[in-house]
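S.K.: First the structure, then my questions, so here it is.
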Amino acid sequence: MAGVIALSLLPRPAAADPAAPSDEADTEQRRSDAKAKYLKGAEAYNAGHYKDAVDLFLAADHLAPSAPLSFNIARAFEKLGDDSGALRWYPRLLAP
């Protein structure tokens, strides 16, 4: 039985524009928010609420994109029977 990939740590966001001021507190808040959304998405997935899982995983991905999260999104789309949705997310597993 395949489930969602557990994310022990969300990835660090891509390097910021060197001309932009660094805001570490904002970055940490985004990671924290993404992790909370991911955890709720994993609960929804495990409960069979795949649409809710997709929505929560997408929200987490918007805050802190990652390949494992792309996999989870694709798997949730598969569970919904949305193959085209899943196929949009699998290639992102190969993104740097």
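The values are calculated or read from the model by the stated rules, or taken from the named source; none is laboratory data. Please read these numbers as outputs of a predicted model, since none were measured by experiment. All Cβ positions, glycine included, derive from the backbone under ideal geometry; neighbour counts span all protein chains shown. These area figures cover heavy atoms from the full protein model, side chains too; ligands, DNA and RNA do not enter into them. Shrake-Rupley method; radii C 1.70, N 1.55, O 1.52, S 1.80 Å.
S.K.: What number of residues in the stretch 41-96 are open to solvent by 10 Å² or more (accessible area, probe 1.4 Å) and either in contact with a Leu (Cβ under 8 Å, 6 or more places away or on another chain) or in a loop (DSSP other than H, G, I, E, B) (or both)?
M.R.: 17
S.K.: How many residues are at pLDDT below 90, within 21 Å of L93 (Cα to Cα) and surrounded by 11 or more Cβ atoms within 10 Å (Cβ to Cβ) if we restrict to the stretch 4-40?
M.R.: Looking only at that region, the number is 6.
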